[in-house]
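The values are calculated or read from the model by the stated rules, or taken from the named source; none is laboratory data. Please read all numbers here as calculations on a predicted model, not as lab measurements. No Cβ is skipped: glycine too gets one built from the backbone with ideal geometry, and neighbour counts run over all protein chains shown.
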Amino acid sequence: MTKAHPWMANSVPSIQQEMLSALGLNSVDSLFSQIPEDHLYAKPFNLPPQLASEVALSRHLDDLMRKNVTCKDSLSFLGAGAWPHYVPAICDEVANRYEWQTSVFGSPTSDHGRNQAWFEFCSQIGTLVEMDFVGLPVYSWGCAIGHSVRMASRMTGRRKVLVTEVMDPERLSVLRNYCEPREMARHIEIVEVAIGADGCIDQNDLKSKLDDSVAALYFETPSYHGVIEGAPGTLCDLARTAGAEVIVGVDPLSLGLLEAPGAYGATIAVGPTQPMGVHMNAGGGVGGFIASPDEERYASEYNTLNISIGETIKEGEYGFGLTLFHQSSYGSREEGKDWTGNSVYLWALANAAYMAAMGPEGFAEIGRLIMARSRHAAKAIDGLAGCSVDLSRPFFKEFVVTFEGEKVADVNDALRKRGIFGGKDISGEPGADGQCMLVCVTEAHTEGDIARLVSALKEVLA
């Protein structure tokens, strides 16, 4: 007989029976009578024995976790959405403070300390991308793209978005979900633009696809393959001339070196927040920001919570609160601009601590360091027999390694045996000809780490 769960009162048989009696039912199964018989799982579930205590549960979870090999146990060169950046201790200290953990959400005007911290996050992101309106972060970079494309569609009344043919499959999948099925009235068509041999957007192909049906152009710099777009300003001019919004995805850590999207003509900027003071987590740790000019036509289309600042009756004192609350799903539920949730608001505090600690010089320094180390690694790997890197492409932190005679899956298996997580296997993806691996090198990788990877690859390819 199944035991009642110690923390779930409704699992006690007498309470279950009391609820069933109130509903006029005889069994729990009758609650699911509307489900067709052929939809039900007929076989018994292969579940482990019910654990009798917290001690047993804790030991069971520890045993399961010991089966994992983490990036603390092994050297990792995986990126493609969750990158091995260093997280300063101050980020954990700030994000784990008790004050934040009791201050998740309240009324639109409650908790000025929380609102001020969120305002600082928005202000810092705005400075990085050179745009003046920034919403609180959404679930992921992919979600930020999806929301931004829907914003652009509402603003322009158009239902087509152009994206590059080389795009992170996960982000593209999320975007497809946001653009809705083709059969639905609000469907947004996704059209891919070709990438040239240099890894940048083919401008001729872009020109042929830009017309008055396009709501937005979306591109990234650095791209999914790490390539820095050669002429982002020209791309923005082409799209804006056609009446389309320009959504640019950026790695925030690259902006200490690269020009900000607001400076070269982007109308909406998006990107990940995980590189800025958030640990890699299984199933969490990601987030995405959305920024735009501080104009009513953009601000009125945000689905996010937005923070405002205002003077008080006391000179030198300021108040902070949520604004445009009615257009969010918090304020208007299903009538909101788009659905939004609060899962990454705590990460915004870690992000704010990171950006404050780094400052402008810190961003410039880490950008130079990442670019130098990734270039050093790429040159060393390109010098090995059996693989190559296109060094003619300018890239930031990620680059593509092409193997001549080995499968990437086999190479990664061999690296795992040597305590190394190799790069992501992108073989068969658009823009990856042959057996290709996407390698990530950050400020967390030392020269010794790079030498260890190169040495291991040399052994594997011998």
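Checking each residue in segment 224-248 for being closer than 19 Å to W141 by Cβ and part of a loop (DSSP other than H, G, I, E, B) picks out Y224, H225, G226, I228, E229.
Residue check: is R373 outside any loop (DSSP other than H, G, I, E, B) and surrounded by 19 or more Cβ atoms within 10 Å (Cβ to Cβ)? It is true that R373 is outside any loop (DSSP other than H, G, I, E, B) and surrounded by 19 or more Cβ atoms within 10 Å (Cβ to Cβ). Only a single item in (1) crowded, with 20+ Cβ neighbours inside 10 Å; (2) hydroxyl-bearing (S, T, Y); (3) outside any helix (DSSP H, G or I) is not met by Y298, and it is number (3).
Yes/no matrix, rows are residues, columns are (1) surrounded by fewer than 22 Cβ atoms within 10 Å (Cβ to Cβ); (2) out of contact with any Lys or Arg (no Cβ under 9 Å at 6 or more places or on another chain); (3) among the aliphatic types (A, V, I, L, M); (4) in a strand (DSSP E or B):
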residue	(1), (2), (3), (4)
G341	yes, yes, no, no
L349	no, no, yes, no
P360	yes, yes, no, no
I366	yes, yes, yes, no
A380	yes, yes, yes, no
S392	yes, yes, no, no
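Among the conditions (1) touching a strand residue (DSSP E or B) at 6+ places or on another chain (Cβ under 9 Å); (2) without any contact (Cβ under 8 Å) to a residue 12 or more places away in the chain, A80 misses just one, which is (2).
Residue-wise test of (1) more than 30 Å from N115 (Cβ to Cβ); (2) in contact with a Phe, Trp or Tyr (Cβ under 9 Å, 6 or more places away or on another chain).
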{"position": "W339", "(1), (2)": "no, no"}
{"position": "L346", "(1), (2)": "no, yes"}
{"position": "A353", "(1), (2)": "no, no"}
{"position": "G359", "(1), (2)": "no, no"}
{"position": "E404", "(1), (2)": "yes, no"}
{"position": "A414", "(1), (2)": "yes, no"}
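For P84, the conditions (1) in contact with a Ser or Thr (Cβ under 9 Å, 6 or more places away or on another chain); (2) over 30 Å from I450 (Cβ atoms) are fulfilled apart from (2). What do you reckon, is A4 free of Cβ contacts under 8 Å to residues at least 40 places away in the same chain, in contact with a helix residue (DSSP H, G or I) (Cβ under 7 Å, 6 or more places away or on another chain), in a loop (DSSP other than H, G, I, E, B) and farther than 30 Å from I450 by Cα? Spelling it out, A4 is indeed free of Cβ contacts under 8 Å to residues at least 40 places away in the same chain, in contact with a helix residue (DSSP H, G or I) (Cβ under 7 Å, 6 or more places away or on another chain), in a loop (DSSP other than H, G, I, E, B) and farther than 30 Å from I450 by Cα. Of the residues in segment 301-330, how many are touching a helix residue (DSSP H, G or I) at 6+ places or on another chain (Cβ under 7 Å), outside any loop (DSSP other than H, G, I, E, B) and without any contact (Cβ under 8 Å) to a residue 60 or more places away in the chain? The qualifying residues number 1. The helices (runs of 4 or more DSSP H) falling completely within segment 106-218 that include 3 or more residues that are more than 23 Å from the chain's Cα centre (by Cα) and within 30 Å of A353 (Cβ to Cβ) map to 112-129. Restricting attention to segment 412-462 and to residues that are within 27 Å of G277 (Cα to Cα) and polar (S, T, N, Q), the residue that is surrounded by the most Cβ atoms within 10 Å (Cβ to Cβ) turns out to be T442.
Filtering segment 412-426 for residues that are under 20 Å from G81 (Cα atoms), assigned to a strand (DSSP E or B) and of a type in the set (D, E, K, R) leaves a non-empty set. Among the candidates A231, A269, the residue that is within 26 Å of T164 (Cα to Cα) and either in contact with a strand residue (DSSP E or B) (Cβ under 6 Å, 6 or more places away or on another chain) or crowded, with 24+ Cβ neighbours inside 10 Å (or both) is uniquely A269.
For V163, are the conditions met, namely being over 18 Å from P252 (Cα atoms), of a type in the set (A, V, I, L, M) and in contact (Cβ under 8 Å) with a residue 12 or more places away in the chain?
yes
Could you figure out which of (1) crowded, with 19+ Cβ neighbours inside 10 Å; (2) modelled with pLDDT of 95 or more isn't true of Q327? So Q327 meets the others, but not (2). Within segment 394-405, being surrounded by 17 or more Cβ atoms within 10 Å (Cβ to Cβ) and over 22 Å from L255 (Cα atoms) holds for V401, T402, F403. Within segment 249-259, at least one residue is under 18 Å from the mean Cα position of the chain (by Cα), part of a strand (DSSP E or B) and under 26 Å from L210 (Cβ atoms). Is it true that V286 is assigned to a loop (DSSP other than H, G, I, E, B), in contact with a Pro (Cβ under 8 Å, 6 or more places away or on another chain) and not assigned by TED's automatic domain parsing to the domain that holds G423? Considered against the rule, which asks whether it is assigned to a loop (DSSP other than H, G, I, E, B), in contact with a Pro (Cβ under 8 Å, 6 or more places away or on another chain) and not assigned by TED's automatic domain parsing to the domain that holds G423, V286 comes out as yes.
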